[in-house]
1. Within the bounds of segment 98-121, is there any residue that is out of contact with any strand residue (DSSP E or B) (no Cβ under 7 Å at 6 or more places or on another chain), exposed (fewer than 13 other Cβ atoms within 10 Å of the Cβ) and assigned to a helix (DSSP H, G or I)?
2. Of all residues in segment 41-66, how many are at pLDDT 95 or above, surrounded by fewer than 16 Cβ atoms within 10 Å (Cβ to Cβ) and either in the same structural domain as residue 175 (by TED's automatic domain parsing) or more than 10 Å from ligand 2 (Cβ to nearest atom) (or both)?
3. Take the conditions in contact with a strand residue (DSSP E or B) (Cβ under 8 Å, 6 or more places away or on another chain) and surrounded by 13 or more Cβ atoms within 10 Å (Cβ to Cβ) and apply them to residue 128. Does it pass?
Ligand SMILES: Nc1ncnc2c1ncn2[C@@H]1O[C@H](COP(=O)(O)OP(=O)(O)OP(=O)(O)O)[C@@H](O)[C@H]1O
Ligand SMILES: [Mg+2]
């Protein structure tokens with residue numbers, strides 16, 4: 001029998017870990033990058049989109065839901081009873097992944113570890129200078145129902161989407177877009 005061996009190894013996420021993220025206390029997903037695409041199934045509210053949102057934080061940007069970072073941390077039933085702004089809510093969360101990238105294996109971690117609304121990023125344990133560094137390892141593009149105005153609404157949103165598509169092929173595009181927008185504002 002001939003054993004089927006892929007000609008080249010697929011790139012992608014080999015392991016995904018969530019900590020205090022949305023409905024997950026902790027979750028570890030091990031994925032075989034040589035297998036065909038991953039399909040998430042489960043009943044409504046099971047946490048499928050939450051996993052996709054976690055993956056979306058592994059690339060530059062504000063994530064799949066453009067959520068406030070403090071809303072992403074797992075809340076318990078007791079937190080929901082507290083009036084807004086009262087009590088100590090758990091605000092820390094983390095997503096980490098082992099990624100098989102073009103230049104080899106890399107461990108990427110991101111999350112919120114203090115009261116700042118800035119997302120912290122570590123690449124192989126070292127703090128990243130900025131979010132665009134993430135684009136060197138992984139690219140992700142999404143089209144969700146919340147983006148239904150994309151094709152007939154604000155052209156700026158459409159340009160951002162197209163820029164994200166280009167970033168999937170050219171990691172340097174993120175820095176160029178930032179420079180361009182800065183130059184435009186001068
Ligand atoms: N910060 C949070 N803390 C705890 N639970 C949360 C938080 N944010 C969202 N959830 C819970 O996550 C669940 C929704 O998860 P998600 O949107 O991933 O579901 P889904 O599997 O995609 O559902 P559907 O099939 O309806 O799209 C809800 O039960 C919601 O209460
Ligand atoms: Mg969903």
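1. For segment 98-121, residues out of contact with any strand residue (DSSP E or B) (no Cβ under 7 Å at 6 or more places or on another chain), exposed (fewer than 13 other Cβ atoms within 10 Å of the Cβ) and assigned to a helix (DSSP H, G or I): absent.
2. Within segment 41-66, residues that are at pLDDT 95 or above, surrounded by fewer than 16 Cβ atoms within 10 Å (Cβ to Cβ) and either in the same structural domain as residue 175 (by TED's automatic domain parsing) or more than 10 Å from ligand 2 (Cβ to nearest atom) (or both) number 2.
3. Answer is yes for this residue.
The values are calculated or read from the model by the stated rules, or taken from the named source; none is laboratory data. Keep in mind that what you see is a predicted model, and the values were worked out from it rather than measured. Glycine also receives a Cβ, built like all others from the backbone with ideal geometry; neighbour counts cover every protein chain displayed.
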